[in-house]
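Heads up, the thing below is written out as structure tokens.
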Amino acid sequence: MSSVVRLDVTHTTVARYSTRVEVAYHCAHLTPRDDARQQVLDFDLAIDPPPAQCSRSLDVFGNVRTEFALYAPHDALTVRARSRVALRSRGRPVDAAASVPWEALASSLRYAVGATFQPAAEFVFASPGVPLLDPLREYAAATFTPERPYVAAAIELMERVHRDFAYEPGVTDVGTPLAEAFRERRGVCQDFAHLMLGMLRALGLPARYVSGYLLTQPPPGQPRLLGADASHAWVSVWCPVLGWIDLDPTNAVLPDAGHVTLAVGRDYGDVTPLRGVIQGGASHTVEVAVNVAPVIEKAA
């Protein structure tokens, strides 16, 4: 039986510039998604200095996107997102064997004249951050044996990536090529997610990038997951029987009530929490802090 937990999320970004910024335009993906598993109960975005213009809209993937402009000179920028979400636990294990054979799924998503368009087909192609590489295809092929159910094979691939790649902050950054991360066999959650996406898509299989958060302190008796205290990333795979299923290769778990979904896209570039274009500023430093905690109910 599923249960519901409520979590408070605080995501603070502070950018400090070596020289004054005269004009800035920023885009933020900091509003959690609303879906069947997750409901946004409250959200507030505080920006300092206050923007001259600010608007919210949905991007092509259904994520809330906030765009704002700063016209007053400033030497620092603070963006603080506070969210309260209700998460419904899965309640029962995923029946991975119920998914279709992976070859049949890949074949069904190839273009055919007159065929019905399946939205998941958007996630089988290369993207700027996830090229299709032969070494990734060869790595995945050991798991995707003939007629194997897609989700069952994807779960095993997740476990292999977790086992074969070392979580090591500081050895990669957002610009590290995927081929280099694969060769070095180490990186952080973004690398793990991109690697697994590249492996699946190289076989023609649908998988999308998920950005989000982890519960900072787990319940008593449960291990603390890698990637807490910062933004996190994992992958989501699709099959016509089970829909979208989330997989976290950094921790080798199927995300549940401890994973808060922020946004989905083809790769990190589609859902960067905060990015922008500035005039001035020269060099800059960025500090990010994330905290996710259960809502403390007040006594009556």
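The values are calculated or read from the model by the stated rules, or taken from the named source; none is laboratory data. It should be emphasised that the depicted structure is a prediction, and the values quoted were computed from it without experimental measurement. All Cβ positions, even for glycine, are placed from backbone atoms using ideal geometry, and neighbour counts span all protein chains on display. Just so you know, the surface numbers come from the protein's heavy atoms only, side chains and all, with ligands and any DNA or RNA stripped out. Shrake-Rupley method; radii C 1.70, N 1.55, O 1.52, S 1.80 Å.
Descriptive notes on the structure:
- Where both bridge residues fall in the chain, DSSP classifies roughly 95% of the beta bridges as antiparallel.
- Annotation for V60 and D44: the two label points, set 7 Å from Cα along the Cα-Cβ direction, are 3.5 nm apart.
- Calculated log₁₀ intensity ratio I(q)/I(0) where the Debye formula runs over C-alpha points of the range 125-210, q = 0.13, 0.24, 0.26 Å⁻¹: -0.37, -1.25, -1.45
- The chain, accessible surface, carbon-and-sulfur percent (1.4 angstrom probe): 54
- Residue-wise HN-Hα couplings along the range 162-173, as the Karplus relation 6.51 cos²θ - 1.76 cosθ + 1.60 with θ = phi - 60° gives them from phi, are 4, 6, 8, 10, 8, 7, 8, x, x, 8, 9, 9 Hz; Gly and Pro carry x.
- Relative to the Cα centre, the charge distribution of the range 66-216, modelled as +1 at Lys and Arg Cβ and -1 at Asp and Glu Cβ, gives a dipole magnitude of about 580 debye.
- Computing Rg and the Kirkwood Rh from the Cα coordinates of the range 23-160 gives a ratio, Rg/Rh, of 1.09.
- The trypsin sites (Lys or Arg not before Pro) found in the range 137-203 that occupy coil by DSSP, while having at most 13 further C-beta atoms within 10 Å, are R185.
- Excluding ligands, DNA and RNA, the accessible surface per residue across the range 236-300 is 47 Å² with a 1.4 Å probe.
- Förster-model FRET efficiency, 41 Å R0, A282 and E147, C-beta, rounded to 0.05: 0.10
- Calculated FRET efficiency for the pair A72/S107, C-beta based, R₀ 35 Å, to 0.05: 0.05
- Normalised by the number of residues in the chain, the average gap of Cα pairs under 8 Å and 6 or more apart makes the relative contact order 29 percent.
- Gain in span if fully extended, V171 to Q118, counting 0.36 nm per residue against the direct Cα distance: 15.3 nm
- Probe 1.4 Å - accessible area at H162, Å² to nearest ten: 70
- Label sites at R185 and S89, each approximated as a point 7 angstrom past Cα along Cα to Cβ, lie 3.6 nm apart.
- Charged side chains reduced to their Cβ positions (Lys and Arg at +1, Asp and Glu at -1) give the chain a dipole of some 380 debye around its Cα centre.
- Separation of the range 233-300 and the range 56-123, taken as the distance between their Cα centroids, equals 11 angstrom.
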